[in-house]
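Have a look at the structure below, then the notes.
The values are calculated or read from the model by the stated rules, or taken from the named source; none is laboratory data. Since the structure is predicted, the reported quantities are computational estimates derived from the model, not experimental observations. So basically every Cβ, Gly included, is an ideal-geometry build from the backbone, and we count neighbours across all protein chains shown.
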Amino acid sequence: MEERFEWREEFELGVASIDKDHKQLFKIINRLFAVQAEGKSSQWACQEGLKFFKAHALTHFADEEKYMASIRYSGLEQHRLIHRTFRNQTLPALERELEETEYSQEAVDHFLGVCAGWLIGHTLTEDRAIVQNQLGQWTGLLPGEEREAMKKVIVQLVFDMFRLESQVVSDIYAGERFGTGVYYHLVYGKAGDDKKLEIVLIFEEQLLIKTVGKIMGIQTNRLDNMLIHAVRYTARQFSDRVLECFPSMEGYHLEEDDLLTHKQFRKVIEKETPQVSLLLNTGAGYFAYCTIAPHLLEEGIGTPLSNDNAVAEVEKYLARRKAKEESIREAHKQKILVVDDSATIRQGMKQMLEKEYLVSVAESGVAAIRAITLNPPDLVLLDYEMPVCDGRQTLEMLRSEEAFANIPVIFLTGRRDPESMIKVMPLNPSGYLLKNSKPGDIKKEIDTFMQKLREKEEK
């Protein structure tokens with residue numbers, strides 16, 4: 001039988017009994033994958049597969065807990081609670097869903113996604129912690145030190161779970177788009193306390209397909225129902241491992257998890273500034289981690305994914321994404337970034353151009369560089385006179401980066417003196433537009449330039 005759910009070297013813990021049990025769980029899920037792929041997802045086959053998986057998982061949990069006790073593992077009780085939750089809550093809920101839907105394709109996908117995602121995340125985080133004491137609690141750290149500690153934890157977890165060497169792109173991620181993303185929102189609280197801690201994990205779609213999707217053997221360029229469910233449970237393990245580092249998080253538990261649109265995500269982070277907001281480049285796609293704590297949630301931010309509504313809501317989520325993606329593909333507009341410290345100029349240029357182009361704005365040279373890093377435009381309209389970092393300095397930074405050196409830049413300026421133009425000539429700007437020109441003339445110049453770009457690309 002071809003193994004779809006791929007066992008990889010990083011799953012090895014070096015404890016023979018645990019590794020043997022994990023390999024067996026992988027084999028069981030592969031058998032269920034095979035049943036589904038062959039169109040044999042009958043009630044009897046799924047029932048027997050579920051029974052086998054459940055029996056082996058429970059035996060494995062007991063053996064694993066005995067091993068942790070034998071080595072006096074300090075995290076035994078917390079690990080035991082994770083096992084108990086999966087045994088007493090997650091698996092029974094999946095069983096009920098399968099029975100109530102008469103083992104529908106959607107319910108089978110949900111079951112496989114949850115089990116695969118949970119097993120991936122649990123093996124690479126909680127189980128690895130048994131043999132590698134990589135994550136310890138932070139005590140007595142100043143805020144700046146805590147941020148640095150969290151950065152190291154996130155980078156390490158990305159490596160542990162995805163085997164990717166990631167680099168922090170920004171210490172302050174402001175919610176910018178980076179390709180097609182999945183926004184996963186978790187809310188933690190504790191009984192008798194109205195304070196909440198929120199975490200948002202943002203995965204670029206290709207990152208999920210190349211990592212979780214690869215492990216699950218999903219040969220696709222798009223997200224599907226099963227992969228979304230696997231991601232949910234993988235992400236939970238990721239967040240829980242980070243929160244173990246917070247001594248103040250003792251007693252908190254996951255209250256709800258949501259899938260957000262980008263608009264809903266912006267609503268979350270704009271309501272209260274995140275205490276930690278990191279953007280990382282994994283080499284296989286971007287990943288962002290945001291922590292907001294503590295504050296009360298605004299109702300209706302997202303759709304909570306309970307076991308009862310998870311399948312239906314994931315289907316709706318994927319349908320909305322598909323419709324939006326198709327709309328974007330049809331538009332296929334060229335991208336223009338407007339950089340100006342004047343809100344009036346930014347808004348005016350955006351209104352004038354957004355019918356024909358995808359227009360984004362930046363209020364400073366630093367913000368422009370970050371925006372270009374995340375989403376390179378086809379053209380930059382750059383103000384010459386800006387505080388702190390002016391247009392010439394911004395263009396110098398842009399030209400110094402090989403990846404962005406050839407992006408066309410047209411200065412948008414009120415200066416027409418020869419001295420200013422001579423200073424930037426070595427930086428090879430694509431032209432100059434005077435702010436006091438008629439809007440129609442400015443639009444015509446931009447349209448002509450963009451048409452030439454299209455023709456050049458088509459050759």
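Just one of 395, 433, 382, 412 is farther than 30 Å from residue 172 by Cα and either surrounded by fewer than 19 Cβ atoms within 10 Å (Cβ to Cβ) or modelled with pLDDT of 80 or more (or both); which is it? Give the derivation first.
Details: 395 fails: farther than 30 Å from residue 172 by Cα; 382 fails: farther than 30 Å from residue 172 by Cα; 412 fails: farther than 30 Å from residue 172 by Cα.
Result: 433 is the single residue among 395, 433, 382, 412 that is farther than 30 Å from residue 172 by Cα and either surrounded by fewer than 19 Cβ atoms within 10 Å (Cβ to Cβ) or modelled with pLDDT of 80 or more (or both).
Conditions (1) in contact (Cβ under 8 Å) with a residue 24 or more places away in the chain; (2) under 12 Å from residue 338 (Cα atoms), marked per residue:
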site	(1), (2)
353	yes, yes
360	yes, yes
390	yes, no
439	yes, no
457	no, no
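Does residue 59 count as out of contact with any Asp or Glu (no Cβ under 6 Å at 6 or more places or on another chain), surrounded by 14 or more Cβ atoms within 10 Å (Cβ to Cβ), of a type in the set (S, T, N, Q) and modelled with pLDDT of 80 or more? The answer is no for residue 59.
The helices (runs of 4 or more DSSP H) located wholly in the stretch 49-137 that include 2 or more residues which are farther than 20 Å from residue 241 by Cβ and free of Cβ contacts under 8 Å to residues at least 40 places away in the same chain occupy 91-100. Of the residues making up the stretch 84-133, those that are of a type in the set (S, T, N, Q) and within 23 Å of the chain's Cα centre (by Cα) number 2. What number goes with the only condition from (1) closer than 30 Å to residue 315 by Cβ; (2) touching a helix residue (DSSP H, G or I) at 6+ places or on another chain (Cβ under 9 Å); (3) modelled with pLDDT of 80 or more that residue 76 does not pass? For residue 76, the exception is condition (1).
Conditions (1) modelled with pLDDT under 80; (2) buried (at least 20 other Cβ atoms within 10 Å of the Cβ), marked per residue:
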position	(1), (2)
149	yes, no
161	yes, yes
182	no, yes
188	no, yes
193	yes, no
207	no, yes
214	yes, no
230	yes, yes
241	yes, yes
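One residue stands out among those in the stretch 360-397 that are in a helix (DSSP H, G or I) and not aliphatic (A, V, I, L, M): the one that is nearest to residue 445 (Cα to Cα), which is 391.
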